[in-house]
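Everything below concerns the one structure shown next.
The values are calculated or read from the model by the stated rules, or taken from the named source; none is laboratory data. On a predicted model such as this, the values are computed, not experimentally measured, just so you know. Glycine also receives a Cβ, built like all others from the backbone with ideal geometry; neighbour counts cover every protein chain displayed.
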């Protein structure tokens with residue numbers, strides 16, 4: 001039940017870990033990604049990324065600016081232009 | 001033969017030069033490590049973005065209404081050469097090599113009857129100003145940058161995109177030195193606008209991202225429209241990072257050589273100085289002895 005999550009900025013690879021769920025601020029609305037999500041690609045608006053490490057745990061939020069998210073068989077990759 | 005004093009002064013002067021070159025070498029070595037790390041850290045982003053752009057571009061390529069960043073302006077007349085150099089000299093042939101590569105390309109294009117313009121990112125590219133006084137479109141001042149940030153690259157890339165949108169050029173090529181190792185830096189030219197098949201890594205394009213049914217939000221075209229300018233920025237950023245690492249590597253070598261040469265010179269001057277000193281002593285002794293014998 002783990003989702004492989006990667007957060008990358010132009011300067012470095014910020015996160016690469018197994019998490020439960022991530023809520024991404026998409027351009028057309030927020031969406032959450034769990035393990036086994038269908039292949040998906042979306043641009044991101046400026047907002048906060050919420051990372052749920054465990055099912056019941058509290059969310060960790062990371063404010064990000066610009067970029068896009070890609071979900072494929074290997075997991076979720078968020079390419080953010082900037083961490084603010 | 002030079003006087004004793006002159007020789008001594010000369011040796012001292014070479015010694016202090018050697019101290020400076022040695023210090024510069026060590027500073028360059030320390031900076032190189034950091035620059036190299038930054039270049040490595042920037043790779044994952046560039047690679048992933050490249051892969052996505054490649055797969056989107058191959059799906060949409062050739063279609064109508066595709067962004068001019070992908071399809072081009074339909075002309076091939078005005079070429080803009082973006083020459084990324086360092087802000088400081090004393091880095092061996094680093095800047096010379098980049099400028100030479102850019103110049104060779106420019107001469108080729110001019111021979112083909114194309115118009116060539118230059119965009120100078122970095123102070124040391126300004127020798128081109130003398131060669132092509134009317135072809136320089138911009139030379140932003142980057143001297144305040146200590147470590148290259150994404151924002152710096154974005155400023156340059158935004159300027160390029162604005163000029164492209166205004167129709168100032170049809171093709172942009174980026175010249176920088178690729179960091180191969182601390183000893184080897186390779187000047188390269190790369191087309192960044194429009195995105196050519198050559199700049200998109202063929203391996204990346206072949207990656208089976210497009211196989212799966214991927215949902216896009218918003219549409220594929222819109223995503224591509226947003227990604228293409230970002231891709232240009234990332235290419236510029238990557239070039240700047242590579243350049244920063246190459247510059248330090250090149251300077252380290254140049255200073256290493258300079259230190260060695262100074263050492264050789266000191267050795268030679270010391271021998272010369274000692275000989276001159278001994279010759280002077282011998283002459284003096286001969287004078288005293290012959291003076292004493294004459295009595």
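Can you pull out every residue in segment B:112-133 that is touching a strand residue (DSSP E or B) at 6+ places or on another chain (Cβ under 6 Å) and exposed (fewer than 15 other Cβ atoms within 10 Å of the Cβ)?
B:115, B:129
Taking residue A:16 as meeting all but one of (1) surrounded by fewer than 14 Cβ atoms within 10 Å (Cβ to Cβ); (2) in contact with a strand residue (DSSP E or B) (Cβ under 8 Å, 6 or more places away or on another chain); (3) not in a strand (DSSP E or B), write down the number of the exception.
Here residue A:16 meets the rest and fails (3).
Quick one: count up the residues across segment B:176-227 that are assigned to a helix (DSSP H, G or I) and at pLDDT 85 or above.
Step one: list which residues in segment B:176-227 are assigned to a helix (DSSP H, G or I), which gives B:202-206, B:220-227.
Cutting the leftovers down to at pLDDT 85 or above gives us none.
Residues flagged as assigned to a helix (DSSP H, G or I) and at pLDDT 85 or above within segment B:176-227 amount to 0.
Can you give me the ranges of the helices (runs of 4 or more DSSP H) entirely in segment B:1-72 with at least 1 residues that are modelled with pLDDT of 85 or more, surrounded by fewer than 17 Cβ atoms within 10 Å (Cβ to Cβ) and within 14 Å of chain A (Cβ to nearest Cβ)?
B:4-41
Which numbered condition in (1) within 13 Å of chain B (Cβ to nearest Cβ); (2) within 17 Å of residue A:13 (Cβ to Cβ) is the only one that residue A:71 fails?
It fails just one condition, (2).
I'm trying to understand the selection: among the residues of segment B:136-171, which are assigned to a helix (DSSP H, G or I), without any contact (Cβ under 8 Å) to a residue 12 or more places away in the chain and within 14 Å of another protein chain (Cβ to nearest Cβ)?
B:151
For segment A:5-54, which positions are in contact (Cβ under 8 Å) with a residue 12 or more places away in the chain and at the interface with chain B (Cβ under 7 Å from one of its Cβ atoms)?
Of everything in segment A:5-54, those that are in contact (Cβ under 8 Å) with a residue 12 or more places away in the chain and at the interface with chain B (Cβ under 7 Å from one of its Cβ atoms) turn out to be A:8, A:9, A:10, A:26, A:27, A:28, A:38, A:39, A:40, A:41, A:42, A:43.
Does segment B:138-147 contain any residue that is in contact with a strand residue (DSSP E or B) (Cβ under 9 Å, 6 or more places away or on another chain) and more than 27 Å from residue A:67 (Cα to Cα)? Before you say what the answer is, go through the steps one by one.
So the first thing to find is which residues in segment B:138-147 are in contact with a strand residue (DSSP E or B) (Cβ under 9 Å, 6 or more places away or on another chain), and the list is B:138-140, B:142.
Checking the rest, the ones that are also more than 27 Å from residue A:67 (Cα to Cα) come to B:138-139.
Yes: segment B:138-147 contains one or more residues that are in contact with a strand residue (DSSP E or B) (Cβ under 9 Å, 6 or more places away or on another chain) and more than 27 Å from residue A:67 (Cα to Cα).
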